[in-house]
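Worksheet: the structure to be examined is printed underneath.
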Amino acid sequence: MDKNFLQSSLKDSLFTGLIALALFGPIVGLRTVAVNEALVVQPKWLVVALIVAFCAVGRFFINIYTFKKDQRRGEPSSFGKAISNFLDTKGSQIALGAVIFSIIFPFLPFADRYWMDIAIMMMTYIMLGWGLNIVIGLAGLLDLGYVAFYAVGAYSYALFAIHFGWSFWICLPLAGLFAGMFGILLGFPVLRLRGDYLAIVTLAFGEMIRILLLNWYELTKGPDGLTGIPRPSFFGLPFKRYPDEGVETFHTFFGLEYSPMQRIIFLYYLILILALITNFFTIKIRRLPVGRAWEALREDEIACKSLGVNPRNTKLTAFAVGAMFGGFAGSFFATRQAFISPESFTFIESAIIVAIVVLGGMGSQTGVVLSTIFLIGLIEVFRDFESYRMVAFGGAMVLIMVFRPKGILAKRKPTITMVKEK
Amino acid sequence: MLNISKVETFYGNIQALRGVDVKVNDGEIVALIGSNGAGKSTLLMTISGVNKAATGEIVFDKKDISNLPPHDIVNLGISQVPEGRRIFSRLTVEDNLRLGASVNQKGKNFDQDAKEVYDLFPVLKDRLLQRGGTLSGGEQQMLAIGRAMMARPRMLLLDEPSLGIAPKLVNQIFASIKNINKEKGVTVFLVEQNAKKALELADRGYVLVNGNINLEGSGKDLLNNPDVQAAYLEGGKK
């Protein structure tokens, strides 16, 4: 390590410290406290000093260990390369192992109610991530309003189920259809937009849906939300301890002792199957003309046009298909919670789903799983330290972007693998 | 086969083509030469429908195509090899070829059409599973031409196929263009900076200056024209 390098790193971290001081000095350092009915400024310089020192030292280490080493910026580190290689060579075995693990998961000894709830939540986010991956990862359309389709799916499921009394298996495809139609609705005005402009409009679209749900009181009950959404039944057999007269339930039919866990386990398998369908669909469609056209559109729109790929239809199908899976996830969310309100569909949800896709490495299906486990798991671990959750969340994103600038799994397998002809 | 008359194209307020008349007959190779910014690429983009002509007519096989969207124009039999190759660099060579076949009966005849492309450019066959971006410039150009051929065009629009390619490969690519024209009977409309090579290959040529057709004639005549030599062939230096 030569002297110049050390010097510039030191200078850089001092500068970072100054910025941290300017930011945190007023925000954290000066605190007003009410003493005897008067506001008194109470300085907390020690905390500020600690934060500033942390930022400066942290920046110094980032400088030394990642930015200015003998490698081009953006190149994955050797550790990252090792992970990618491992996943490339053993990818299918790992995926199979992960699927088997998720199938036997509910019967593992430690899988109590708490773990099952976390697992269901993670599965929901994985499914949303895979759905959004179609739009962002394959078609390259940055959609910041994905939660809108999640909401449309949830609300259409709830309204159909409450008002018409239709079963889960009828409402689920309907909810997907509705969400897909909203996807096309969003798609039309943004056909000509790309990049930042597209992102802004989709963000606004997400907010519009939320505000619509909040204000259309006659249909959505506004901020009160919809209650009493029917729970799904096991092909007509409800999960109830005391069923209505003459109704056979899941536990009596199979001759089991009633346990509330049965419903949880059923929900878990439901979302697992839905998520796996999403994944399977994405893997398959990448080899079909429409999926290939999505990826081509992400690479180069003009080349697509000159080859006779219709960009309008291609974009609309990407939006519609991505939205459809969001809608499926939404109806699952509605039936699991039995209560939905616009509160559940705020921008932060969209942001988390986008973060899952981007941090996972855009277009990588396994990456979505890894980053979901990482991000959602982190949020859960910090549940007891409520106020630090967002700090940890933000910190995790910064760390991933510093060490793996293109996402956890930056490298993606080619779409087609074939045995070489002789 | 292709009849362009009085075509004007704008980028916003800037006029790129000022009433261009070009005619390409069935089975010909026609070259369009001109300096940077003369509007050569704009003309090709206007033919393929990526840019729209503000006024004028583009008639292909007695059908006015000036208002058709690009995918319909490809369907009619005009394929474009865009400037700078524009291959899909993160997709495999095979995916690139399959995308070229997206119009032609949705790729039903992929194997047969692909075989013809491999005959033209054998190197592509060895690179099928490689990502497009890992090919050399010349190979990428071959892929771009092969990709366009997958749509079974009757007319091929080539935009600067020699751009940024090693001289040895340029010869090979020009030989393939000749082959595509003579063996497969595809009409070729070629835009080139490399005026000498283009005019040697072409049956006829046009010179585009500031959005106007300045000169036209057979390839040989243009090669020997002193004005063309001075402006585009560095003939003045000799």
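Things worth noting here:
- Mean-position separation - Cα centroids, segment B:150-164 and segment A:110-148, in angstrom: 43
- Cross-link partners of B:Lys52 among aspartates and glutamates (Cα-Cα below 18 Å; sequence separation of 8 or more within a chain): A:Glu301, B:Glu8, B:Asp21, B:Asp64, B:Asp72, B:Glu83, B:Asp159
- Each of B:Val228, A:Val357 was scored by other Cβ atoms within 10 Å of its Cβ. Arranged with the fewest first, they read B:Val228, A:Val357.
- Whole-number D in µm² s⁻¹ for the protein assembly as shown, Kirkwood Cα-pair radius fed into Stokes-Einstein, 4 °C, 1.567 mPa s: 45
- Label positions at A:Leu177 and A:Lys284, each projected 7 Å from the Cα along the C-beta direction, are separated by 2.0 nm.
- Euclidean distance of C-alpha centroids, segment A:264-332 and segment B:212-228, integer Å: 52
- Sequence-distant aspartates and glutamates (8 or more away, or on other chains) whose Cα lies within less than 15 Å of A:Lys240: A:Glu248, A:Glu257
- Residues A:Thr366, B:Thr46, A:Thr372, sorted so that the one with the fewest Cβ neighbours within 10 Å comes first: A:Thr366, B:Thr46, A:Thr372
- Rounded to the nearest 10 degrees, the angle from helix A:45-62 to the longest Cα principal axis of chain A is 90 degrees.
- Going from the residue with the fewest nearby Cβ atoms within 10 Å to the one with the most, B:Asp95, A:Asp300, B:Asp72, A:Asp224 rank A:Asp224, B:Asp72, A:Asp300, B:Asp95.
- On Cα atoms only, tilt of A:78-104 relative to the major axis of chain A in degrees: 20
- Gain on full extension, evaluated as 0.36 nm per residue between A:Ala98 and A:Leu256 minus their Cα-Cα distance, stands at 54.0 nm.
- The simple spin-label model puts a point 7 Å past each Cα toward its Cβ; for B:Asn179 and A:Met401 those points are separated by 4.9 nm.
- Across segment A:3-67, the fraction of Cα-Cα pairs farther apart than 20 Å, rounded to a whole number, is 41%.
- Rough spin-label spacing in nm, given labels placed 7 Å along Cα→Cβ, for A:Val57 and A:Thr32: 3.4
- Dimensions of segment B:2-233 based on its C-alpha atoms, expressed as ranges along the principal axes with the largest first, amount to 46, 38, 32 Å.
- Folded to 0 to 90 degrees: helix B:137-149 orientation relative to chain B principal axis, Cα: 90
- Relative to the current alpha-carbon distance between B:Glu57 and B:Leu129, full extension at 0.36 nm per residue lengthens the span by 21.7 nm.
- The aspartates and glutamates whose alpha-carbon is closer than 19 Å to the alpha-carbon of B:Lys182, local same-chain residues fewer than 8 away aside, are B:Asp26, B:Glu28, B:Asp113, B:Glu116, B:Asp119, B:Glu200, B:Asp203.
- In a DSSP loop and with at most 15 other Cβ atoms within 10 Å, the chymotrypsin sites (Phe, Trp or Tyr not before Pro) in segment A:357-406 are A:Phe385.
- Candidates per trypsin sites (Lys or Arg not before Pro) in segment A:131-212, loop by DSSP, up to 15 other Cβ within 10 Å: A:Arg192, A:Arg194
- Averaging Cα coordinates gives a centre for segment A:350-369 and one for segment B:1-44; these two points are 45 Å apart.
- For chain A, calculated [θ]222 nm from helices alone, where every DSSP H run of n ≥ 4 adds -39500 (n - 2.57): -21500 deg cm²/dmol
Where a number appears in this text, it was derived from the coordinates with a stated rule and is not lab data. On a predicted model such as this, the values are computed, not experimentally measured, just so you know. Please note: Cβ atoms are built from the backbone with ideal geometry, for glycine as well, and neighbour counts cover all protein chains shown.
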